[in-house]
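Q: The structure follows.
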Amino acid sequence: MPDDTLTITDNRTGQKYTVPIENGTIRAMNLRQIKTRPEDFGLMTYDPAFMNTASCRSSITYIDGERGILRYRGYPIEVLAERCTFLEVAYLLLFGELPTEPELKSWVHDITHHTMLHESTKKFMEGFRYDGHPMGMFVSTVAALSTVYPDARHVHDPASRLLQIKRLIGKVPSIAAMSYRHNMEFPYVYPDNDLSYAENFMNMLWKMVEPKYVAQPAIARALDILFILHADHEQNCGTNAMRSVSSAQTDPYLSMASAAAALAGPLHGGANEEVLKMLDEIGSKDKVPAYIKKVKDGGVKLMGFGHRIYKNYDPRAKIIKWTAEQVFEVTGRNPKLEIALELERIALEDEYFVKRKLYPNVDFYSGIMYQAMGFRPEMFTVLFAIPRTAGWLAQWQELITDPEQKIARPRQIYTGHEEREFVAMGKRTATAVPAR
Ligand code: ACO
């Protein structure tokens with residue numbers, strides 16, 4: 001019977017230590033006993049960018065990056081995308097099980113009745129510059145909700161947590177739609193409680209003078225599928241920000257603003273916007289080989305390709321490619337699809353990409369579809385943030401109720417000066433500040 005332990009020999013002292021292995025992991029704190037002298041701090045691990053560190057136990061999302069598998073609470077993403085609505089999946093992520101019919105009815109009712117924003121929040125949004133980036137508006141407005149709901153600071157009260165969860169999931173489409181209308185200098189549209197989550201979002205985006213907005217069903221379903229695919233993705237950069245900030249018992253509005261801010265970065269959720277810029281820059285299918293050469297020469301990255309976890313085709317990208325075809329039947333084919341398909345074809349055969357296991361990720365095809373639906377690239381990351389709200393909140397709940405969790409506070413390896421003498425003003429030499 002193999003022993004689930006690890007024996008470490010410290011060659012500095014010849015001392016041997018045995019530490020338990022649990023779930024393929026050793027506890028970093030078990031290394032602290034490894035010292036050369038009693039007054040030593042003890043051994044630490046150094047892991048910039050968390051390349052090999054588990055920060056939590058989680059039962060929400062499972063990813064096998066080598067095999068291209070993604071499951072929420074054990075259910076394959078492909079099945080959920082085909083058989084569920086986004087709000088059903090949000091319920092699953094948050095509460096661990098798929099809802100029964102009455103549970104779903106009541107959940108949908110509650111979310112629908114939390115879609116309104118206070119007029120003060122609307123006024124707050126009116127203060128943004130007309131051309132402000134919607135993601136900046138989204139992040140700031142989510143943070144501003146903290147001032148509207150001061151009760152949200154009771155993070156250990158389950159009833160308060162549930163209320164904030166419903167408010168956030170209900171309100172993020174309204175904030176997203178207002179950021180879009182603000183950019184367009186169109187009047188804001190209030191939510192319509194008769195419509196589904198995706199349809200109501202479309203109503204708040206695109207309703208003009210018609211008395212009642214009627215959503216195109218194929219587009220509404222495609223949006224809902226996209227929402228399902230983006231709902232959670234375990235400990236990514238944004239979710240790590242959510243967990244890290246809320247570990248200080250910060251309220252969920254402020255914590256979620258930090259998570260959305262992380263998502264806005266071009267290496268994370270901001271990549272979908274970058275993919276469109278890249279396709280514009282390439283311009284036509286025949287220019288693809290030259291662009292691939294530029295990528296291989298290290299000049300640029302192929303946006304929408306590569307992933308920290310997936311070393312195989314991102315399963316979400318496959319579903320998006322299929323969903324895009326359904327959308328194009330309604331909207332007509334986005335001419336950029338030709339360039340994207342050619343990029344993918346060449347990249348998947350090219351040794352540079354094969355060797356590094358670089359495959360299309362979730363952002364590669366989503367932007368092309370969003371553009372066909374009529375969204376400007378600036379809106380793409382906001383479309384990602386709406387469903388990710390469910391995942392961030394599920395991860396937040398899990399963190400708050402996990403007795404092993406404490407305030408997140410990494411260590412560092414200090415590389416600065418030892419203590420030194422203070423230098424009086426007249427004796428200082430000029431600092432070499434890098435040229436601007
Ligand atoms: N194009 C070209 N080369 C790439 C790309 C890319 N998109 N991604 C990674 N590589 C190369 C790196 O240069 C590196 O090559 P090297 O070994 O010769 O130095 C190798 O592949 C490994 O890449 P890392 O940067 O070490 O991988 P990491 O896990 O740190 O980065 C990331 C993952 C940030 C997603 C990266 O692949 C990337 O920048 N992709 C483009 C941006 C993007 O699409 N982001 C969205 C990710 S999905 C999401 O967050 C929602």
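The values are calculated or read from the model by the stated rules, or taken from the named source; none is laboratory data. On a predicted model such as this, the values are computed, not experimentally measured, just so you know. Cβ: placed from backbone, ideal geometry, glycine included. Neighbour counts: every protein chain shown.
Q: Restricted to region 344-382, and to residues that are outside the structural domain of LYS318 (by TED's automatic domain parsing) and within 12 Å of the ligand (Cβ to nearest atom), which residue is farthest from THR250 (Cα to Cα)?
A: Residue satisfying both the conditions and the ranking: PHE380.
Q: Assuming ILE228 fulfils every condition listed in (1) assigned to a helix (DSSP H, G or I); (2) touching a strand residue (DSSP E or B) at 6+ places or on another chain (Cβ under 6 Å) apart from one, which condition is it?
A: Every condition holds for ILE228 apart from (2).
Q: Checking LYS293 against (1) outside the structural domain of ILE386 (by TED's automatic domain parsing); (2) in contact with a helix residue (DSSP H, G or I) (Cβ under 8 Å, 6 or more places away or on another chain); (3) within 16 Å of the ligand (Cβ to nearest atom), which test does it fail?
A: It is condition (2) that LYS293 fails.
Q: Keeping to region 300-329, report how many residues are within 14 Å of the ligand (Cβ to nearest atom), within 19 Å of PRO377 (Cα to Cα) and not in a loop (DSSP other than H, G, I, E, B).
A: Initially, region 300-329 is screened for residues within 14 Å of the ligand (Cβ to nearest atom), giving 300-317, 320.
Filter once more, so that each one left must be within 19 Å of PRO377 (Cα to Cα): 301-305, 317, 320.
Still in the running and not in a loop (DSSP other than H, G, I, E, B): 305, 317, 320.
Total satisfying the criteria: 3.
Q: Moving on to the next point. Would you check if ARG12 is part of a loop (DSSP other than H, G, I, E, B) and closer than 30 Å to ALA394 by Cα? Step through it out loud before you land on a result.
A: Values: part of a loop (DSSP other than H, G, I, E, B): yes; closer than 30 Å to ALA394 by Cα: no.
No: the conditions fail for ARG12.
To keep it simple, each residue is scored yes or no on (1) among the aliphatic types (A, V, I, L, M); (2) closer than 20 Å to LEU226 by Cβ.
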{"residue": "MET137", "(1), (2)": "yes, no"}
{"residue": "LEU145", "(1), (2)": "yes, no"}
{"residue": "ALA177", "(1), (2)": "yes, yes"}
{"residue": "HIS182", "(1), (2)": "no, no"}
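Q: Turning to a different aspect of this structure: Six or more apart or on different chains, Cβ atoms under 7 Å: show the pairs whose first residue is in region 326-341 and in the same structural domain as PRO289 (by TED's automatic domain parsing) and farther than 15 Å from GLY304 by Cβ and whose second is buried (at least 16 other Cβ atoms within 10 Å of the Cβ) and among the β-branched types (Val, Ile, Thr).
A: What qualifies is VAL327/ILE219; VAL330/ILE219.
Q: Just a yes or no: is a residue in region 128-143 assigned to a helix (DSSP H, G or I), free of Cβ contacts under 8 Å to residues at least 12 places away in the same chain and either surrounded by fewer than 16 Cβ atoms within 10 Å (Cβ to Cβ) or of a type in the set (D, E, K, R) (or both)? If you could, list the steps in order and put the result at the bottom.
A: Going through region 128-143, the residues assigned to a helix (DSSP H, G or I) turn out to be 134-143.
Among the residues that remain, those that are also free of Cβ contacts under 8 Å to residues at least 12 places away in the same chain are: none.
Among the residues of region 128-143, not one is assigned to a helix (DSSP H, G or I), free of Cβ contacts under 8 Å to residues at least 12 places away in the same chain and either surrounded by fewer than 16 Cβ atoms within 10 Å (Cβ to Cβ) or of a type in the set (D, E, K, R) (or both), which makes the answer no.
Q: What number of residues in region 15-26 are assigned to a loop (DSSP other than H, G, I, E, B) and within 27 Å of the chain's Cα centre (by Cα)?
A: Step one: filter region 15-26 for residues assigned to a loop (DSSP other than H, G, I, E, B), giving 21, 23-24, 26.
From the residues that got through so far, the ones that are within 27 Å of the chain's Cα centre (by Cα) too are 23-24.
Number satisfying all stated conditions: 2.
Q: Another one. So GLY24 ticks every box in (1) in the same structural domain as SER196 (by TED's automatic domain parsing); (2) out of contact with any Gly (no Cβ under 9 Å at 6 or more places or on another chain) but one. Which box is left unticked?
A: Answer for GLY24: the failing condition is (1).
Q: Here is a list: LEU337, LEU348. Which entry is within 26 Å of the chain's Cα centre (by Cα), of a type in the set (A, V, I, L, M), closer than 17 Å to ASP314 by Cβ and surrounded by fewer than 21 Cβ atoms within 10 Å (Cβ to Cβ)? If you could, list the steps in order and put the result at the bottom.
A: Numbers: LEU337 fails: closer than 17 Å to ASP314 by Cβ.
The match here is LEU348.
Q: Have a look at GLN412, GLN371, GLN397 and point out the one that is free of Cβ contacts under 8 Å to residues at least 12 places away in the same chain and either in a loop (DSSP other than H, G, I, E, B) or among the polar types (S, T, N, Q) (or both).
A: The unique qualifying residue is GLN412.
Q: Let me ask you something else. I need the full set of residues from region 353-368 which are in a helix (DSSP H, G or I) and surrounded by 14 or more Cβ atoms within 10 Å (Cβ to Cβ), in order please. Steps first, answer last, please.
A: Filtering region 353-368 down to residues in a helix (DSSP H, G or I) leaves 353-355, 362-368.
PHE353, VAL362, ASP363, PHE364, TYR365, SER366, GLY367, ILE368 - these are the residues of region 353-368 that are in a helix (DSSP H, G or I) and surrounded by 14 or more Cβ atoms within 10 Å (Cβ to Cβ).
Listed here are the residues, each with its yes/no results for (1) of a type in the set (Gly, Ala, Ser); (2) loosely packed, with under 11 Cβ neighbours inside 10 Å; (3) away from the ligand (no atom under 16 Å from the Cβ); (4) more than 19 Å from ILE319 (Cα to Cα).
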{"residue": "ARG27", "(1), (2), (3), (4)": "no, no, yes, yes"}
{"residue": "THR36", "(1), (2), (3), (4)": "no, no, yes, yes"}
{"residue": "MET51", "(1), (2), (3), (4)": "no, yes, no, yes"}
{"residue": "THR61", "(1), (2), (3), (4)": "no, no, no, no"}
{"residue": "VAL79", "(1), (2), (3), (4)": "no, no, yes, no"}
{"residue": "ARG83", "(1), (2), (3), (4)": "no, no, yes, no"}
{"residue": "TYR91", "(1), (2), (3), (4)": "no, no, yes, yes"}
{"residue": "GLU101", "(1), (2), (3), (4)": "no, yes, yes, yes"}
{"residue": "LYS105", "(1), (2), (3), (4)": "no, no, yes, yes"}
